[in-house]
Amino acid sequence: DMTDLQRINERLEAAGEEALGADGYDDCVIGLAYQHTRPLIVYSKKKVIERLMEDMSRDDAEEFFQFNIGGTYLGAGTPLFMEDMDE
């Protein structure tokens with residue numbers, strides 16, 4: 001079975017487009033969004049933090065996410081991290 005990220009990358013490749021991803025969090029991808037005409041890979045913030053909590057406390061995971069993942073700007077194609085409305 002293909003992951004959501006693999007399907008997204010195939011779709012982008014077929015369209016001649018590229019988007020930046022967050023290395024190591026392929027299973028946290030929840031979709032693809034467009035800002036104007038630029039594709040952006042969308043990750044679940046909740047899933048990323050849950051993954052980080054495998055190795056650290058919730059507080060440490062949230063802090064790590066904020067400073068090292070969600071707070072990182074990689075240019076115009078920086079991935080999006082969606083926050084669930086129930087959080």
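The values are calculated or read from the model by the stated rules, or taken from the named source; none is laboratory data. All values derive from a computational prediction rather than experimental measurement. Neighbour counts run over all protein chains shown; Cβ positions are idealised from the backbone, glycine included. The area values use the complete protein model at the heavy-atom level, side chains included, leaving out ligands, DNA and RNA. Shrake-Rupley method; radii C 1.70, N 1.55, O 1.52, S 1.80 Å.
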Within segment 57-87, take every residue that is among the acidic types (Asp, Glu) and surrounded by 10 or more Cβ atoms within 10 Å (Cβ to Cβ) and give me the one that is farthest from ALA19 (Cα to Cα). ASP60
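Going residue by residue through segment 43-56, is there one that turns out to be open to solvent by 50 Å² or more (accessible area, probe 1.4 Å), under 18 Å from ILE8 (Cβ atoms) and over 9 Å from the mean Cα position of the chain (by Cα)? Working first, answer last.
Filtering segment 43-56 down to residues open to solvent by 50 Å² or more (accessible area, probe 1.4 Å) leaves 46-47, 50-51, 53-56.
Then drop every residue that is not under 18 Å from ILE8 (Cβ atoms), which leaves 47.
Still in the running and over 9 Å from the mean Cα position of the chain (by Cα): 47.
The answer is yes; a qualifying residue exists.
Which of the residues belonging to segment 11-52 are among the acidic types (Asp, Glu) and modelled with pLDDT under 95? Step through it out loud before you land on a result.
We begin by selecting, within segment 11-52, every residue among the acidic types (Asp, Glu); these are 13, 17-18, 23, 26-27, 50.
Selection gives GLU13, GLU17, GLU18, ASP23, ASP26, ASP27.
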Can you pull out every residue in segment 59-87 that is touching an Asp or Glu at 6+ places or on another chain (Cβ under 9 Å) and either over 20 Å from ILE30 (Cα atoms) or modelled with pLDDT of 95 or more (or both)? ALA61
Quick one: ASP55 ticks every box in (1) modelled with pLDDT under 95; (2) farther than 20 Å from MET85 by Cα except a single one, so which number is it? (1)
Listed by first then second residue, the pairs whose first member lies in segment 59-73 and is of a type in the set (A, V, I, L, M, F, W, C), whose partner is in a loop (DSSP other than H, G, I, E, B) and open to solvent by 90 Å² or more (accessible area, probe 1.4 Å), with beta carbons under 9 Å and at least 6 positions apart or on separate chains, are ALA61/GLU54; ALA61/ASP55
Answer with yes or no whether ILE30 is touching a Phe, Trp or Tyr at 6+ places or on another chain (Cβ under 7 Å), over 18 Å from THR3 (Cα atoms) and either open to solvent by less than 70 Å² (accessible area, probe 1.4 Å) or not in a helix (DSSP H, G or I) (or both). no
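From the set of residues in segment 1-21 that are outside any helix (DSSP H, G or I) and in contact with a strand residue (DSSP E or B) (Cβ under 6 Å, 6 or more places away or on another chain), which is most open to solvent (accessible area, probe 1.4 Å)?
First, the residues of segment 1-21 that are outside any helix (DSSP H, G or I): 1-3, 16-21.
Still in the list and also in contact with a strand residue (DSSP E or B) (Cβ under 6 Å, 6 or more places away or on another chain): 17, 19, 21.
Details: GLU17: 56, ALA19: 26, GLY21: 37 Å².
Here the answer is GLU17.
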